[in-house]
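The values are calculated or read from the model by the stated rules, or taken from the named source; none is laboratory data. Since the model is a prediction, treat every value here as computed from it, not as a measurement. Here the Cβ is made from the backbone with ideal geometry for all residues, glycine too, and neighbour counts use every protein chain on show. Accessible surface areas use protein heavy atoms only, side chains included; no ligands, DNA or RNA. Shrake-Rupley method; radii C 1.70, N 1.55, O 1.52, S 1.80 Å.
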Amino acid sequence: MAMNYRVGSTKIVILKGDITQQDTEAIVNAANSSLMGGGGVDGAIHRAGGPQILEECKQIVARRGPCPTGKAVITGGGRLKARYVIHAVGPVWRGGEAGEDELLRQAYLSSLDLAAERGIRSLSFPAISTGAYRFPKDRAARIALSTVAEYVKARPFEEIRFVLFSDEDLQEYEEAARAVFRRHGLSPS
Ligand code: APR
């Protein structure tokens, strides 16, 4: 079961699933600054993609140091269906007064820019920062959807997926989508 919208020429899909199984050209990882892996979706992507991904992350950190919050780096996809993994570092929720909203928006923008720079046409996002980093789900969903909707109006993609891991998260995103896309005069197709 998925919810589809079209923003200009970009297809936006909201679905429940496992991001490691998505066949978009790139998938986004909810990483931490060390880029050395972790639990949650970070652990799942490294497990499914294999050691090559961590090797590339180590080379990036050796060259450029840790990835700041709000920024992202790109590696190959290893054994994944996706050709690329974009490792985005979202903010830890600290109550909402430490610039978390803007840092989360930056994590999405950094991911979109990296994909656009490489001519990547399809991309899957997890619900960045809403797990271990404890960002409120409904707030994160609105930031994610509005940031992507704004971006693709100027720089379209073929398809952008929001891949939720639980029914609860899917519901949060569907509710947020109705609110965000109504502002853009859009309804699910
Ligand atoms: N596919 C899609 N979504 C998933 C998957 C998966 N296979 N596994 C987990 N998720 C979801 C979680 O349910 C949550 O909604 O990804 C969302 C983000 O949760 P986390 O993975 O905990 O990421 P985040 O909250 O951004 O915390 C990042 O956790 O794993 C560590 O190394 C990571 O330190 C970093 C921190």
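Below, the figures for the structure above:
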read-out	value
Selection count, region 55-68, where residues are assigned to a loop (DSSP other than H, G, I, E, B) and open to solvent by 60 Å² or more (accessible area, probe 1.4 Å)	2
Filtered residue count, region 116-133, keeping only those that are aromatic (Phe, Trp, Tyr) and within 12 Å of the chain's Cα centre (by Cα)	1
SER110 being among the polar types (S, T, N, Q), touching a strand residue (DSSP E or B) at 6+ places or on another chain (Cβ under 6 Å) and either in a helix (DSSP H, G or I) or modelled with pLDDT under 95 (or both)	yes
Candidates VAL28, VAL92 - the one that is in contact with a Phe, Trp or Tyr (Cβ under 7 Å, 6 or more places away or on another chain), open to solvent by 20 Å² or more (accessible area, probe 1.4 Å) and within 12 Å of the ligand (Cβ to nearest atom)	VAL92
Members of region 40-54 that are open to solvent by less than 50 Å² (accessible area, probe 1.4 Å), within 14 Å of the ligand (Cβ to nearest atom) and not hydrophobic (A, V, I, L, M, F, W, C)	ASP42, GLY43, HIS46, GLY49
In region 142-156, the residues that are small (Gly, Ala, Ser) and away from the ligand (no atom under 12 Å from the Cβ)	SER146, ALA149, ALA154
Given (1) away from the ligand (no atom under 14 Å from the Cβ); (2) without any contact (Cβ under 8 Å) to a residue 24 or more places away in the chain, index of the condition GLN171 fails	(1)
Count of residues meeting criterion [within 14 Å of the chain's Cα centre (by Cα) and not polar (S, T, N, Q)] in region 81-115	19
Condition broken by ALA154, with the remaining ones in (1) without any contact (Cβ under 8 Å) to a residue 24 or more places away in the chain; (2) small (Gly, Ala, Ser); (3) open to solvent by less than 10 Å² (accessible area, probe 1.4 Å) satisfied	(3)
Of residues in region 3-25 being part of a strand (DSSP E or B) and within 14 Å of the ligand (Cβ to nearest atom), the one surrounded by the most Cβ atoms within 10 Å (Cβ to Cβ)	ILE14
Sole residue being assigned to a helix (DSSP H, G or I), modelled with pLDDT of 95 or more and surrounded by fewer than 14 Cβ atoms within 10 Å (Cβ to Cβ), chosen from GLU102, GLU97	GLU102
Subset tally (residues that are within 6 Å of the ligand (Cβ to nearest atom) and open to solvent by 10 Å² or more (accessible area, probe 1.4 Å)) for region 127-141	5
